[in-house]
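Below you'll find the structure, written out as C-alpha cells, and then a few comments.
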Amino acid sequence: MGMLVEGVWHDVWYDTKATNGAFVRPPTVFRDRVTADGSSGFPAEINRYHLYVSLACPWAHRVLIYRALKGLEAVLPVSIVQPFMGAQGWTFSDVVGAIRDNVNNANYLYEIYQKANTTYTGRVTVPVLWDKIKNTIVNNESPELIRMLNTEFNGLATRNTPDYYPAHRRAEIEHWNERIYHTVNNGVYRSGFATSQAEYERAVTELFDTLDVLETQLTKTRFLCGDSITEADWRLFPTLIRFDAVYHGHFKCNLRRIVDYPNLWRYTRELYHHPHIADTVNMTHIKEHYYGSHLGINPTGIVPKGPVLVL
C-alpha cells in the first residue's frame, strides 16, 4: 500500500509510529459530484464515466452494489485491479476476475491519479469515478459515490429500485452510519493495522461492542432501520461478508465470528441473496488480496482454504 508524493510513487506503509500505534485513515481528496442536471459541471450521462474498482476492497464493493441494484452496468463500465497489491500498489492484469484499463491504458492505478493531478500527494485508493470528457477523477469517496448512484443516475438506471436514503429515515441512517463506520467498517482496519497492543484492544473492543448492539437491533427489526433495506445496510454488508473469511483471522478480530451471531448471520445471508448482490462478491479476490498483500501481518503470504461459509 504505497502513495504518491508530489506525483511520484513511493512504496511506503502507513506511519503508525506517529499515532502511537493507531491506524488513522487519511481523508480522500477528489470530492466533486455528478448531478442529474449537470449543475455541478459533471452531468449524469451515458458514455462519459468509468469506474476503477477492486473486488477485494469493501469500499469499492459498496459502489459495485449500487451499480448492480440500479442496473447501471452499461452506463458505468469498470476496470478491476488484480487482488494482489505489491510494490506498485493496485495493478491491472489478466488474472481471473480482473479487467484491464481500456480507457487510460494504465498498468497501475497510481497512473490514473497522476493523470488527474500531476502533483498529487496521498494514498491511491479505490473506488475511483473517472470522467472521460474532462480526463480527471470526479470522486474517490465511496459514501458520496453511492449517494450519486442512488439518485443522480436514476434517469439512466435500468432497474427500478427504492430510494435507499429516504428523507424520513435519514436521521436513523446517519446514526448507524456514524457508529458503523468508526467501529466496524474502519474498526476492522483499526484492529488489523494497529501496531500497539493498547490500540488493537481499543479497536477490537469497540468493534465487538457494536456487533453486539447490531445483533440486539436485529431482534427487533428485519434490517437496521425497519423492514426496508437502506443505505446503512449496504454500507455494513461489505464488512460482514468479509468478516469470517478475513477479518476474524487475518486482522485478529476473533472474539466471535459473524456466524456466531444468529441475527447478524441471518441478515448477512439475506442481503447476500438480494437480487444481483451475490454477483458482486468474489471471495477468491477478497482472500487473495488480504492474506497475500499484507506481508507485514502474514509474512508467508499463504491464503487459507477456509472457512467454509454456507451462504
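Before moving on, here are some points about what is shown:
- Residue in segment 216-236 that is of a type in the set (A, V, I, L, M) and in contact with a strand residue (DSSP E or B) (Cβ under 6 Å, 6 or more places away or on another chain) present: yes
- Scanning segment 288-310 for residues that are closer than 26 Å to HIS273 by Cα and among the small types (Gly, Ala, Ser) turns up just one, GLY306.
- Of all residues making up segment 97-113, the number that are assigned to a loop (DSSP other than H, G, I, E, B) and under 20 Å from the mean Cα position of the chain (by Cα): 4
- Boolean, LYS132 is touching a residue at least 40 places away in the same chain (Cβ under 8 Å), outside the structural domain of GLY249 (by TED's automatic domain parsing) and of a type outside the set (Val, Ile, Thr): yes
- Considering segment 79-95, and only residues there that are surrounded by fewer than 17 Cβ atoms within 10 Å (Cβ to Cβ) and without any contact (Cβ under 8 Å) to a residue 60 or more places away in the chain, the residue that is nearest to VAL53 (Cα to Cα) turns out to be SER93.
- Scan of segment 276-300 for residues that are farther than 21 Å from PHE237 by Cβ and out of contact with any His (no Cβ under 9 Å at 6 or more places or on another chain), ordered by number: GLY292, SER293, LEU295, GLY296, PRO299, THR300
- Out of GLY296, GLY249, sole residue that is among the small types (Gly, Ala, Ser), assigned by TED's automatic domain parsing to the domain that holds ARG190 and out of contact with any Leu (no Cβ under 8 Å at 6 or more places or on another chain): GLY249
- No other residue among ASN117, ASN102 is within 26 Å of SER79 (Cβ to Cβ), in the same structural domain as GLY38 (by TED's automatic domain parsing) and without any contact (Cβ under 8 Å) to a residue 60 or more places away in the chain apart from ASN102.
- Subset tally (residues that are outside any loop (DSSP other than H, G, I, E, B) and crowded, with 20+ Cβ neighbours inside 10 Å) for segment 215-238: 8
- So ASN263, is it of a type outside the set (Ser, Thr, Tyr), more than 14 Å from ILE65 (Cα to Cα) and part of a helix (DSSP H, G or I): yes
- Criterion violated by ILE112 - all others in (1) in contact with a helix residue (DSSP H, G or I) (Cβ under 8 Å, 6 or more places away or on another chain); (2) among the β-branched types (Val, Ile, Thr); (3) modelled with pLDDT of 95 or more satisfied: (1)
- Only one entry of ALA203, ALA194 meets the criterion of being among the small types (Gly, Ala, Ser) and in a helix (DSSP H, G or I), and that entry is ALA203.
The values are calculated or read from the model by the stated rules, or taken from the named source; none is laboratory data. No experiment lies behind these values; they were computed from the predicted model shown. For neighbour counting, all protein chains shown are included, and Cβ atoms are generated from backbone atoms with ideal geometry for every residue, glycine included.
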